[in-house]
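Have a look at the structure below before the remarks.
Just so you know, all these numbers are worked out from the coordinates, no wet-lab data involved. All values reported here derive from a predicted model rather than from experimental measurement. A quick note on method: Cβ atoms are made from the backbone with ideal geometry, for glycine too, and the neighbour counts reach across all protein chains shown.
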Amino acid sequence: MKTRVYISLVILLAIPLIYLSSCSKVKELTAVDVSMKLPRHHFTYTATNLKSDSGEVILYSGHVTVNLDSVLNAYGLSSGIIQTTIFTYLAVTIEQPPDSTFHWLTSMRSTVSDNANFQPENLIGSVTNSNPTAKTVVVTLNNLNIRPYLTNPSFYVRVYAVLNGPLPAVTVGMFLDGTIQLHIEPL
């Protein structure tokens, strides 16, 4: 009699455990990895004397929103959440003046945050400018598979730079290109 009670209790406890573990397996199997280009962000930088303690200036600071509903529709999901977002590509290109290059740039780094105050601020990557004749500087990304950066469809990006000389014009027009990878799990 006691054995039957113990067996019944084990079965009663095992059923929810099996059900719950199979639900997480189903979520893992139906998760989608989506690679998408971010909209090109045009911006201008005007020479300023404002520098941080490290001698950096802020070249760009802006808000990025991913249209999660469109991504879910494209993959046939009625609802879902972003588990992780990682950057797979980030570059800054000079647009104006058309004949200028990054000869005035020593280095650049980029950060991301989930708020406009950049508190906390997570480093995406950095680059040392080894080609002063380049019109595009590609950021070398850090910790791609180690640390997820964001779990919201909206976030903020900032690009810092260390300058080594005068700008080619009073105002330099540039654009930021990026690609992110989203790991989306259905609800």
(request) Taking 7 Å along the Cα-to-C-beta vector as the label spot, tell me the D114-S79 distance in nanometres, rounded to one decimal. (result) 1.9
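Given the Cα-Cα distance of I58 and Q181 and 0.36 nm per residue of separation, how much length would full extension add, in nm? Spell out each step's value before the answer.
Details: separation 123, 0.36 × 123 = 44.28 nm, distance 2.52 nm.
Working it through step by step, the gained length comes to 41.8 nm.
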